[in-house]
Amino acid sequence: MRSKNYITIHPDTQKSIQLLLDSCRDTIIEKTSVVIQIDLSFPYVSPVTTNPEILYYVIEHLEKMGVKEITVIGGTLPSVNSIKVWEMLGFDVYISQKFPNVRFIPVEGNLTKKTIYEIDIGQIKFPKIVEDSVLFISIINPKISAISDIHLSIENSMSLVEDYNSLFENQINDGEYCEKNLYLEKYKKCAIKIHQIRPPDLVLYDFSSVLSKAGPLMYSDSIILHSNCLMASENSIIGDYIALKMLGKNPDDNLIIKALKNADYSLISQGVLNEAEVYIMENFENKAQFNKITSWLTDVPNDFDRKSSFWKRKGLKENNHLPIIDGIEPFIDLFDVFPQKTEISKGLICSGCKQHATELLLLLKTAMQKDQEVIPSFSFLLGKNPQEPKNEYCMVFGDCAIQTTKDRKFRKKIVQRLAISERDPDLERAKLKIRLQKRLVDLRSHEEFINYEITEDRIKAKAIKKLTRKIKRTEYINEYRLKIHEILSTYQQNRVKKNLQHQKFISNKNILEIPGCPPFYFHFLKNVIKLFRKRWVPGLARSKIFFELCLNQKFPIDPAQNLNTETEMQK
Amino acid sequence: MRYLYDLIDFYNKISQFGHSWDTGQIDRSFTNLQNLQEISIPYFDAKVNLYHAFKLLGKLFTFNNEKENYALIVYDFEKRIILESVLINLSDTQALIQEVITDPLPENLNLEGNISLVFQSVRKFIQNKYAVQVNRIKIIHPQIFDKITNKEYLGENAQKLTGFQRMVFILLEACENNQLITFPELPFISAISRLVKILRDYHHIAVLGDLMKSLFTPITLFDEDWYITINREGKHPSSTAYIQKPFEFGRITIKDHYQWIHFVKEFNTQYSKKYHQNASYFLDINWCIDFLSDVCESEFPLTKSRFEFLLQRLLYFVKQNEDLWDVVPRPIIYNGYVRLIIRLCGFHINPRKLSYWSISSNFMHFLRSNFSPSSRNVILLTKKGHPLTGFVCKLEGYSISEINQLPIDLLKFPFNNRKELFNYLISRFGFINSIIQLDKDILYRIFKFIIIDRNTKNPLKLLSALFLIKKLNNMECFDWYPPPPGYIIFKKMGAVRYFRLLNKLLYDFLEF
């Protein structure tokens, strides 16, 4: 399987795109209709979404090469409206004004049936226009992701299926979902299967801005790296392999490429890699970058039959060396996101919950930068059987955590001060005993005092109220004092045991449950605001308005989703 | 000694004064220092008390971080001759200058080629001859001195520009034409050379010069013992007196923990009745020097952490009223009762509790999510819908890399049709990300409110801010095309409501 890959490093994007598309002329020529896939995951500028400048120049050059019908399709995150994102980022203005023949199509897809272990391709509705397209081009921005280290073209094809997140959800409440980490297996299978429905004919990798450390959206922890590099590949799998090398990663450590090498798919092998052709620009202005590229490329004799001598052909080495883009940091750890205000207690978790939980915390951290001075510290529970939280305010993330923490202590709050009507009856009884014994000492003899039994009937009868004579005997008083001391000491020893049984509890209302397996965090921002009270979180309230603009629906208003604990407590 | 005569005379007088100051021969009482002789600052039409000149030069050396000796060379690049040279030997004690040596270098010394080799050759020569180690050289073209002395330079523009603006233009030209070279490089000069690259045509600064003229207020920079006030020459529209001297010096008599309050009162009684100015500002000179040196020393393009650091420093300065700066008359917004009434109206304003740490991070997030890493934006200044000027700004990361002025032909384009304008701009300048339109009058009024009108004693004038903010709803005054998500929210909510929401993010929640 021969594949040609072209790498350019040039400050002028228009020139570099012209070079790349001219070199891939064999794939484009004589094709009158083209479908271009772009990334419209969220209304943030590149590297979260595609750079409109690149799309503009691609369309311009394709029209010059004779393409007449161009359609653009944008992949988004689940529950995000791609039409709104297209308009909010200004693509409407950039492209449809100058190129009126270009049409934009939002993502359409429906999931009719779900199974746990296998997904039939016939049950996923892939956009037909892409499936039947003559030429399919995809423009990709490499981004960091929690599951696979870097999000490239193979995973990008999933965004063409609407609400693809539901493909990996555990809706049948299978107990082994978490223990066997079935989310990850499903993810890999889905990504590869959807990609194989219609792999792109040409892939453009935009390395001008790369998102690292925190993604796929723009967070406060995320780092953007810049370069002037662009790459075009005729085979998306080998293009991904080379892109990982360019970013300094070992492709053999990548989950999806490992899966592709397995016997199930066997799409990558050493023979395939040996046939890969890499072309780099002949005249490099920056020698340092030239040296970096050539460190993982071998020299090949000039036996290609291309007429232009602009490109220099190279082959791939086995080992990695210097990357073109330095400084890509791995995805931030869950415990390092928000350590000042959160206490994370985790049990057995799968990669789905881990991914969504880190993204939720990153989102809260960026939105609540100002609110951190006021909100109380809260605990974040996820996974099966998490540890007991130390804080009153809690967020319980995922179905596993909700089910395993139903009867836990943190769901109840101990009330320390009781009302007069709810006082401890044992204490009152002991006080009555002391009062009665005082009067007994005054009125009766020593023998009668020792033998006198204080029973409940006698207390109730209030027989001693009528006795009024006083007898002062110092001996009796001393014994009386010792006895009182005994009664009180036994009472205090028993009090600790009895307190736990007869103490008053109320349900802890400062708990937020986020159901789902795994839950998608976009829907729960409003409930987080309710948890912390609106006037304490103005930053989060402002970001909520922003989210409501781009989602398909407004946030769910039904508050019953969060107060399940109260109904269970009442039962 | 045609070019450097004034400078050498100035340095000699200061070195004499510095030696006698260091050894204690001078009486440091207030009356004696006030009556010292006045000397003229070279290349400026100003005369200054000797003591104040001594202190000013000390501050200049700290700004440039000059603690070592340096050689000043006037070199004719075409004829390759050293015309004049001066070696300045600085001292470690309180006396700033140890010695001034004239013409230490011969005419024929070769200054061509690699600047580091030139520096080493000059260093060797002076070490062998004078036993002095030189740690910096400054090479200047004689044309610069001719431009400064010739007041008719810059032709038509000279009449519009003030003396300060003329000097700025001469400096920018010198850096652009490589007529001013220093090795090792001074951060100030490298910052100016960067500015020159950004402002391709820096003559369009004069457009904004009119704006700044009417907003100029007298500024006093104060140190422990002394202060300097910078005032605009001529007659200010609101003043009764004619200001002859641009610089005025004074000495602080009371040294106290509350010297701010005493000093401001003193100044107010002396000068405000004389000049009847609307506002006058007082700044700590040491902080200003620190901040400017931080800005000059930072590497371009700015990184995220560096930009955040500089912004936080600036906001911290704004927060520290009565500590690092002050203004007369006292703004009414610092009064608790006024703030209470404003709070009841729904606006939470407390300038003493500006949350500098969160504003910078929120602003960075706003920049990163609305401006792509390398974007080109057009800024149009209009008046009642008709265009006056325009600039094309190229952003790279967190700093501006280019500013080009739009040609005059383009201003005749019909601005009502945004779509055609957008396509036209793309065809002329390449891909453009957005067009931002601002009304010049509104801009002027906003700056005027921040600098002057905010400092009134009349609380009703604060209402004018509300009306100003409301005007931003109008598309003629402020528009952004194509609108980013942040601007869409702004339009939906309205300017006043958006400002009320932002208020909660600007100030600390915990006030006590």
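Below, the figures for the structure above:
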| quantity | calculated |
| --- | --- |
| Looking only at the range A:52-84, and only at residues there that are open to solvent by less than 20 Å² (accessible area, probe 1.4 Å) and among the polar types (S, T, N, Q), the one that is farthest from A:F42 (Cα to Cα) | A:T71 |
| Single match in A:Y187, A:Y183 (criterion: more than 14 Å from every other protein chain (Cβ to nearest Cβ), in contact with a Cys (Cβ under 7 Å, 6 or more places away or on another chain) and closer than 27 Å to A:L348 by Cα) | A:Y183 |
| Given (1) polar (S, T, N, Q); (2) in contact (Cβ under 8 Å) with a residue 60 or more places away in the chain; (3) within 24 Å of B:F429 (Cα to Cα), index of the condition B:S374 fails | (2) |
| Close pairs from the range A:5-34: first within 22 Å of A:F207 (Cβ to Cβ) and without any contact (Cβ under 8 Å) to a residue 60 or more places away in the chain, partner of a type in the set (S, T, N, Q) and in a strand (DSSP E or B), Cβ under 9 Å, at least 6 apart | A:K15/A:T8 |
| Residue under evaluation B:V378, criteria (1) open to solvent by 50 Å² or more (accessible area, probe 1.4 Å); (2) assigned to a strand (DSSP E or B); (3) within 14 Å of chain A (Cβ to nearest Cβ), criterion not met | (1) |
| Conditions (1) more than 21 Å from B:L221 (Cα to Cα); (2) out of contact with any Leu (no Cβ under 9 Å at 6 or more places or on another chain); (3) assigned to a helix (DSSP H, G or I); (4) open to solvent by 20 Å² or more (accessible area, probe 1.4 Å): number failed by B:L56 | (1) |
| Count of the range B:502-512 residues which are at the interface with chain A (Cβ under 7 Å from one of its Cβ atoms) and within 28 Å of A:T49 (Cα to Cα) | 1 |
| Some residue of the range B:433-455 being surrounded by fewer than 18 Cβ atoms within 10 Å (Cβ to Cβ), of a type in the set (S, T, N, Q) and either at pLDDT 85 or above or in contact with a helix residue (DSSP H, G or I) (Cβ under 9 Å, 6 or more places away or on another chain) (or both) | no |
| Positions within the range A:351-369 being assigned to a loop (DSSP other than H, G, I, E, B) and open to solvent by 10 Å² or more (accessible area, probe 1.4 Å), in sequence order | A:Q369 |
| Some residue of the range A:351-366 being within 14 Å of chain B (Cβ to nearest Cβ), farther than 25 Å from A:N181 by Cβ and hydrophobic (A, V, I, L, M, F, W, C) | yes |
| Exclusive hit being within 13 Å of another protein chain (Cβ to nearest Cβ) and β-branched (V, I, T), set A:I242, A:I224, A:I237 | A:I224 |
| Per-region count, the range B:357-369, residues in contact (Cβ under 8 Å) with a residue 12 or more places away in the chain, over 24 Å from the mean Cα position of the chain (by Cα) and open to solvent by 30 Å² or more (accessible area, probe 1.4 Å) | 2 |
| Test: residue in the range B:331-339 that is over 25 Å from B:N65 (Cβ atoms) and among the hydroxyl-bearing types (S, T, Y) | yes |
| Answer residue from the range B:431-460, given it is of a type in the set (K, R) and within 23 Å of the chain's Cα centre (by Cα) and is nearest to the other protein chains (Cβ to nearest Cβ) among those | B:R454 |
| Among (1) open to solvent by 40 Å² or more (accessible area, probe 1.4 Å); (2) assigned to a helix (DSSP H, G or I), the one test that B:L315 misses | (1) |
| So B:Y51, is it hydroxyl-bearing (S, T, Y), within 29 Å of B:Q25 (Cα to Cα) and surrounded by 18 or more Cβ atoms within 10 Å (Cβ to Cβ) | yes |
| When residues of the range B:396-420 are limited to those that are modelled with pLDDT of 75 or more and in a loop (DSSP other than H, G, I, E, B), the one nearest to the other protein chains (Cβ to nearest Cβ) | B:G397 |
| Selection status of B:R313, modelled with pLDDT of 90 or more, farther than 27 Å from B:N503 by Cβ and of a type in the set (D, E, K, R) | no |
| Members of the range B:475-497 that are facing chain A (nearest Cβ under 10 Å) and free of Cβ contacts under 8 Å to residues at least 12 places away in the same chain | B:P483, B:Y487, B:I488, B:I489, B:K492, B:M493 |
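Residue-wise test of (1) over 27 Å from A:V72 (Cβ atoms); (2) buried (at least 20 other Cβ atoms within 10 Å of the Cβ).
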{"residue": "A:L184", "(1), (2)": "yes, no"}
{"residue": "A:A191", "(1), (2)": "no, yes"}
{"residue": "A:Q196", "(1), (2)": "no, no"}
{"residue": "A:Y205", "(1), (2)": "no, yes"}
{"residue": "A:D221", "(1), (2)": "yes, no"}
{"residue": "A:L230", "(1), (2)": "no, yes"}
{"residue": "A:D240", "(1), (2)": "no, yes"}
{"residue": "A:L247", "(1), (2)": "no, yes"}
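The values are calculated or read from the model by the stated rules, or taken from the named source; none is laboratory data. Worth saying up front: this structure is predicted, and the values here are computed from it rather than measured. Glycine gets a Cβ as well: all are built from the backbone with ideal geometry, and neighbour counts include every protein chain shown. The accessibility values were calculated without ligands, DNA or RNA, using every heavy atom of the protein model including side chains. Shrake-Rupley method; radii C 1.70, N 1.55, O 1.52, S 1.80 Å.
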